[in-house]
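Participant: After the structure tokens below, expect a handful of questions from me.
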Amino acid sequence: MNRLFKIIVVLLAFPVLALGQEEEVVEHKEIDRTFSGQTIINAQSVDLMPKTKGFGMMIQHRFGTITPDKQAILQFLGFDLPANIRFGFSYTFCKWFQMDIGRTKAAKMYDLGGKFRIMKQTTDNHMPISISAYANIAINSDEFPKVSDREFFSDSITPFKYRFEHRMNYSLQFMVARKFGDIASVQLSPILTYRNLAPAYGSNLAFSIPISGRFKVSKKSSILFEYAPVIVGRQPSNHLDPFSIGYEIATVGHVFQIVFSTTNEIMENRLYSEPTQRYDKGYFLLGFNIMRSIWIRPKKKKQ
């Protein structure tokens, strides 16, 4: 009787034990890459560098404004006009943290940023979205324009004088994205920026929610879009929200984008605070982004 009882207990417990073992070995595989690079067009993407202990180099370039008249041809689609450019470098310390450093021509701005991976989408939808955070601090190294003795701080009493802290700018953003198979990716990127020095009647604080996406048209090429409604810090009059479209070619370790944009600003600290081109009247800009990844081979263990 005791032997029969033991056999019944084992038979009843076996499915439970098997189920527990099965749950232990289940692996939720993460998707490869939501986007091809660390930026979509202007906005940061949810992705970090694809491998740890790797270097990344980025060149972002915006030519001069293309006008809706014969000057567009005379200025060769803005190529002859003053341009804005940023050189950036990245390094991944681990799979969830990446550090960036860069220098932008506009305002002669130096910036330092860090991107943190919070969670990543899995192929079985156990985690349906990817979330990352990006924080950035930038310093304006350009000479300040001269001010008259009749300029005052916002209290209209204290005479205005430049201070070092007026050079500082900050931004914080969260990227929430989802990849739909191998065809499309969509991202929402709430971003908060603050500049210590704002022009008269301008806002120190800006809050925007860029909406970005990628649609693959071939194995290596994609169409990109980006629209950034500004919620706080809109221009005092005739405000236009910045938007961009682009064509991307991506290979292993290399991404090239041709960009049509409504602003020549590149840094988040200025992108959502400065006026855009009057694209409602036919003004826009051409540009490009180049991203290159370099990975370090791990050292072979000595035998």
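Participant: Would a scan of segment 106-120 turn up a residue that is more than 18 Å from ASN269 (Cβ to Cβ), under 21 Å from the mean Cα position of the chain (by Cα) and charged (D, E, K, R)?
Facilitator: Looking through segment 106-120, at least one residue is more than 18 Å from ASN269 (Cβ to Cβ), under 21 Å from the mean Cα position of the chain (by Cα) and charged (D, E, K, R).
Participant: Restricting to segment 90-112, count the residues that are closer than 20 Å to ARG33 by Cβ and either touching a residue at least 24 places away in the same chain (Cβ under 8 Å) or surrounded by 16 or more Cβ atoms within 10 Å (Cβ to Cβ) (or both).
Facilitator: Number of matching residues: 10.
Participant: Sort out which residues of segment 145-185 are within 19 Å of ASN196 (Cβ to Cβ), exposed (fewer than 11 other Cβ atoms within 10 Å of the Cβ) and of a type in the set (A, V, I, L, M, F, W, C), and write them in order of number.
Facilitator: Matches in segment 145-185: PHE153, PHE164.
Participant: Also, I was wondering about something else. Answer with yes or no whether SER189 is hydroxyl-bearing (Ser, Thr, Tyr) and surrounded by 10 or more Cβ atoms within 10 Å (Cβ to Cβ).
Facilitator: Yes.
Participant: Now a separate question. Filter segment 236-268 for residues that are of a type outside the set (Val, Ile, Thr) and within 18 Å of LEU77 (Cα to Cα) and give the result.
Facilitator: SER244, GLY246, TYR247, GLN257, PHE260, SER261, ASN264, GLU265
Participant: A follow-up question, please. How about segment 138-255: which strands (runs of 3 or more DSSP E) wholly inside it have at least 1 residues that are touching a Pro at 6+ places or on another chain (Cβ under 7 Å), more than 19 Å from THR276 (Cα to Cα) and modelled with pLDDT of 95 or more?
Facilitator: Working: elements: 168-180, 184-188, 191-195, 205-208, 211-216, 221-227, 230-232, 243-251.
Result: 168-180.
Participant: I want to confirm something. Restricting to segment 59-83 and keeping residues that are part of a strand (DSSP E or B) and out of contact with any Ser or Thr (no Cβ under 7 Å at 6 or more places or on another chain), which single residue is surrounded by the fewest Cβ atoms within 10 Å (Cβ to Cβ)?
Facilitator: At the first step, the residues of segment 59-83 found to be part of a strand (DSSP E or B) are 59-66.
Right, trim to out of contact with any Ser or Thr (no Cβ under 7 Å at 6 or more places or on another chain) and you get 59-61, 63-66.
Working: ILE59: 13, GLN60: 23, HIS61: 18, PHE63: 23, GLY64: 18, THR65: 21, ILE66: 22.
Applying the filter and picking the extreme gives ILE59.
Participant: Just to be sure, is ILE118 surrounded by 13 or more Cβ atoms within 10 Å (Cβ to Cβ), within 20 Å of ARG195 (Cα to Cα) and β-branched (Val, Ile, Thr)?
Facilitator: So ILE118 does not fit the description; no.
The values are calculated or read from the model by the stated rules, or taken from the named source; none is laboratory data. The shown structure was predicted, so the numbers you read here are calculated from the model rather than taken from an experiment. Note that each Cβ is placed from the backbone with ideal geometry, even for glycine, and that neighbours are counted across all protein chains shown.
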